[in-house]
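*Asks:* Just passing along the structure, written as structure tokens.
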Amino acid sequence: MRIGHGYDVHRLVEGRPLILGGTVIPFEKGLEGHSDADVLIHAVMDALLGAASMPDIGHLFPDTDPAYQGISSLNLLKQVYFRLANQGWCIENVDVTMIAQRPKLAPYLTTMRESMATALQIGFDQINIKATTEEGMGFTGSGEGMACHAVCLIERSK
Ligand code: MG
């Protein structure tokens, strides 16, 4: 069994949709990035790839490649799942801590978990997502950006 950790940050800007965990969330700003800038899925992908000792998403899906411009990160998550499955890895669980001052994410967590569990071909109870603020401090507290931590366990399939 192996552990992985992923961390990502994106800046909040006007004129972009806010997409977290593959779910569009009504908000006055969205995350800036080459893909759909889904900071939550980016952290999860890096946790999974890290556990498997594979190159990170910056290597696999470079932001200089037009193929990934505006791409759904849920789509990339499926690609990461297949990379692990092809090497004989099974996902035991994924645990996510999303850091954002606003908006309240609790109403969307179930939908995010369902979408990501489907992409990763695991059960709903194998992926957990929670959200916290940083009490108004730092870049997440000021609303300059959002951050996300993810950890996972993977094991060799029998
Ligand atoms: Mg990212």
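The values are calculated or read from the model by the stated rules, or taken from the named source; none is laboratory data. The shown structure was predicted, so the numbers you read here are calculated from the model rather than taken from an experiment. Virtual Cβ from ideal backbone geometry, glycine too; neighbours counted across all protein chains shown. Please note that ligands, DNA and RNA were not included when accessible areas were found on the heavy atoms of the full protein model with its side chains. Shrake-Rupley method; radii C 1.70, N 1.55, O 1.52, S 1.80 Å.
*Asks:* Are any of the residues in the stretch 98-111 closer than 22 Å to Ser53 by Cβ and not in a strand (DSSP E or B)?
*Replies:* Looking for residues that are closer than 22 Å to Ser53 by Cβ and not in a strand (DSSP E or B), one finds none in the stretch 98-111, hence no.
*Asks:* Anything in the stretch 84-96 that is surrounded by 17 or more Cβ atoms within 10 Å (Cβ to Cβ) and either among the aliphatic types (A, V, I, L, M) or without any contact (Cβ under 8 Å) to a residue 60 or more places away in the chain (or both)? List them, or say none.
*Replies:* Matches in the stretch 84-96: Leu84, Ile91, Val94, Val96.
*Asks:* Here's a follow-up. I'd like to know if the stretch 56-77 contains one or more residues that are within 22 Å of Ile127 (Cα to Cα), among the aromatic types (Phe, Trp, Tyr) and surrounded by 15 or more Cβ atoms within 10 Å (Cβ to Cβ).
*Replies:* Looking for residues that are within 22 Å of Ile127 (Cα to Cα), among the aromatic types (Phe, Trp, Tyr) and surrounded by 15 or more Cβ atoms within 10 Å (Cβ to Cβ), one finds none in the stretch 56-77, hence no.
*Asks:* Let me ask another. Going through the stretch 102-117 one residue at a time, which ones are open to solvent by 20 Å² or more (accessible area, probe 1.4 Å) and in contact with a strand residue (DSSP E or B) (Cβ under 6 Å, 6 or more places away or on another chain)?
*Replies:* Listed by number, the residues that qualify are Tyr108, Leu109, Thr111, Arg113.
*Asks:* Scanning the stretch 149-158 for residues that are surrounded by 13 or more Cβ atoms within 10 Å (Cβ to Cβ) and farther than 15 Å from Met45 by Cβ, which turns out nearest to the chain's Cα centre (by Cα)?
*Replies:* Only one residue tops the list, namely Leu153.
*Asks:* Now for a different question. What's the total number of residues in the stretch 128-148 that are open to solvent by less than 70 Å² (accessible area, probe 1.4 Å), closer than 19 Å to Asp38 by Cβ and touching a residue at least 40 places away in the same chain (Cβ under 8 Å)?
*Replies:* 7
One line per residue, one yes/no per condition, for (1) farther than 20 Å from Val151 by Cβ; (2) touching a His at 6+ places or on another chain (Cβ under 8 Å):
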residue	(1), (2)
Leu12	yes, no
Gly22	no, no
Gly50	no, yes
Tyr68	yes, yes
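*Asks:* Is it the case that Asp63 is within 22 Å of Leu18 (Cα to Cα), of a type in the set (D, E, K, R) and touching a strand residue (DSSP E or B) at 6+ places or on another chain (Cβ under 7 Å)?
*Replies:* No.
*Asks:* Something else: Could you check how many residues of the stretch 65-83 are closer than 8 Å to His34 by Cβ and either assigned to a helix (DSSP H, G or I) or hydroxyl-bearing (Ser, Thr, Tyr) (or both)?
*Replies:* 1
*Asks:* For the stretch 2-21, how many residues meet the condition of being open to solvent by 80 Å² or more (accessible area, probe 1.4 Å), within 19 Å of Asp56 (Cα to Cα) and within 14 Å of the ligand (Cβ to nearest atom)?
*Replies:* Residues flagged as open to solvent by 80 Å² or more (accessible area, probe 1.4 Å), within 19 Å of Asp56 (Cα to Cα) and within 14 Å of the ligand (Cβ to nearest atom) within the stretch 2-21 amount to 1.
*Asks:* Same structure, new question: May I ask you to verify whether Ile99 is aliphatic (A, V, I, L, M), open to solvent by less than 70 Å² (accessible area, probe 1.4 Å) and either farther than 18 Å from His5 by Cα or over 14 Å from the mean Cα position of the chain (by Cα) (or both)?
*Replies:* No.
*Asks:* If you go through the stretch 27-52 one residue at a time, how many are open to solvent by 30 Å² or more (accessible area, probe 1.4 Å), more than 9 Å from the ligand (Cβ to nearest atom) and in contact (Cβ under 8 Å) with a residue 24 or more places away in the chain?
*Replies:* 3
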